[in-house]
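Quick notes on the structure that follows.
Read-outs: derived from the displayed coordinates by stated rules, not from any lab. Fair warning: this is a prediction, and the values are worked out from it, not measured in the lab. So basically every Cβ, Gly included, is an ideal-geometry build from the backbone, and we count neighbours across all protein chains shown.
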Amino acid sequence: MNLKRVVVTGIGALTPIGNTSEEFWKGLVAGVSGAAPITKFDASLFKTQFACEVKNLNIEDFIDRKEARKMDLFTQYAMITADEAIVDSGLDLEKIEKSRAGVIWGSGIGGLRTFQEEVTAFATGDGTPRFNPFFIPKMIADISAGFISIKYGFRGPNFVTVSACASATNALIDAFNYIRLGKADIFISGGSEAAVTEAGIGGFNAMKALSQRNDSPETASRPFDKDRDGFVLGEGAGALILEEYEHAVARGAKIYAELVGGGMSADANHITAPHPEGLGASEVMQAALLDANLKPEDVDYINVHGTSTPLGDVSETKAIEKVFGEHAYKMNISSTKSMTGHLLGAAGAIEAIASILAIRNGIIPPTINHFTDDEQFDPKLNLTFNKAQEREVNVALSNTFGFGGHNCSVIFKKING
């Protein structure tokens, strides 16, 4: 069977270091940290009092107030980035076949703020069940894809993937497969998350997952550093327009890169801890390379999962060395979570965009906040510490791994003909 080619023709980003894809990229190249004290609630009694929040955003600049009230924040974020991606793609919505255009989105948690607010209100009330009629539609994770499809009239496949922090990458792989199998021409795909809430911070604190560097939030996310002490919770969204290659060429679309492969695996090891030797991580990268029909030495850059946790960073680099051998020392490797924090179910989308823009611009975004070498990491690995590096990038691989042992990798390639 001849598989269709799939390309990226539009992007949209809403992140803690920039509210558009252009601002996001500028922040990445400049090595900007998005971490700061929490403003969404009083965090003074929490072990972690900071996060990577979206900043200077007025939702009503993008969504009518009445409509916005029907949406949890994670859906509002999804709508904003989907719109940026659609505009960026130059799609003429009057000319496309909307039954062959779909939405596959990702979110690890969905409407956490809505759930928290509604249950808290009931628990502190007199027992009378007074719930917002939009409680359930605002909370459920799939509603993000539903709202996007309603706005643009896309009647093709429509659903949300949930695989914790791998959710958005899972969504991209699903959309990729539908297009290359000829079942659709266009997808809006990506992910969104808005878990900077009392329940989100408190829950991750309880499992000792978050950094507690309250005296220096901007340096708290420090992947591969000896003194890393957990991830920094982030929020936001990323959207990509995936399109069948011939369809994109026929309408004269701007093409960012080609999506050439995707891999999925499971650690089958522990509900939260990664496999100590990176077994699932190595298998998922091998699967993505096989799917893309590429050799390890073809890869120029890996945007790693790199969350800044003591165990996760080590297992991922072990997996990279196993898969890439000596070529591991010739690639650039970086964790953009050092700047954005961890966007959970949206991480794979914004990191895919970072990988695509690295290809397009020939610049590797850095891993910031490196202060002390850790002997657990081979010093010959180029982890792109502290400063962006220029290099030609023809192939970039992006990893995302989630609680439950879910692993996903996608590979993007510079477009040629």
Need one number: nm distance between label points at residue 2 and residue 298, each 7 Å from Cα along Cα→Cβ, rounded to one decimal. 1.9
To check you understand DSSP bridge types, tell me what percent of the beta bridges within region 143-299 (both residues inside) are antiparallel, rounded to 5. 80
Karplus (6.51, -1.76, 1.60) ³J(HN,Hα), θ = phi - 60°, over region 59-73, in Hz, Gly and Pro reported as x: 3, 6, 6, 10, 10, 4, 4, 5, 5, 4, 5, 8, 10, 5, 4
Cα gyration tensor category, rounded, prolate or oblate, for region 18-163 with a/c compared to 1.5: oblate
Note, ³J(HN,Hα) from phi for region 15-23, Karplus 6.51, -1.76, 1.60, rounded to Hz, x at Gly and Pro: 9, x, 10, x, 9, 9, 5, 5, 5
Between residue 108 and residues 5 or more places away or on another chain, the pairs with built amide H atoms under 5 Å apart involve 345, 346
Surrounding charge for residue 407, neighbours by C-beta under 13 angstrom, Lys/Arg +1, Asp/Glu -1, total -3
With runs of 4+ DSSP H residues as the only contributors, calculate the mean residue ellipticity of the chain at 222 nm using -39,500 (n - 2.57) per run, divided by the residue total and rounded to the nearest 500. -9500 deg cm²/dmol
Gyration tensor (alpha-carbon) shape descriptor, region 296-400, a/c threshold 1.5: rounded
Hand me the chymotrypsin sites (Phe, Trp or Tyr not before Pro) from region 348-410 located in a DSSP loop with no more than 15 other Cβ atoms within 10 Å, in residue order please. 371
Assuming a ≥ b ≥ c are the square roots of the Cα gyration tensor eigenvalues, decide whether the chain counts as rounded (a/c under 1.5), prolate (otherwise, with a/b larger than b/c) or oblate. oblate
Can you give the FRET efficiency for residue 26 and residue 60, using 1/(1 + (r/R0)^6), R0 = 30 Å, r = Cβ-Cβ distance, to the nearest 0.05? 0.75
Sites removed, the longest contiguous part of the chain containing no DSSP-loop GluC sites (Glu not before Pro) with at most 13 other Cβ within 10 Å is 98-374
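Return the percentage of antiparallel bridges among DSSP beta bridges fully within the chain, rounded to the nearest 5 %. Walk me through the numbers before you get to the answer.
Working: 40 of 62 bridges.
Around 65 percent antiparallel, to the nearest 5.
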Reach of residue 55 by Cα under 29 Å, taken over lysines that are not fewer than 8 positions away in the same chain: 26, 40, 47, 66, 70, 138, 151, 208, 337, 387
Please give the net charge around residue 90, taking every other residue with its beta carbon less than 14 angstrom from that of residue 90, where Lys and Arg add +1 and Asp and Glu add -1. -3
Per residue of region 128-144, what does 6.51 cos²θ - 1.76 cosθ + 1.60 with θ = phi - 60° give for ³J(HN,Hα)? Whole Hz please, x for Gly and Pro, Karplus curve as stated. 6, x, 9, 10, 4, x, 8, 3, 5, x, 6, 7, 5, 5, 6, 5, 4
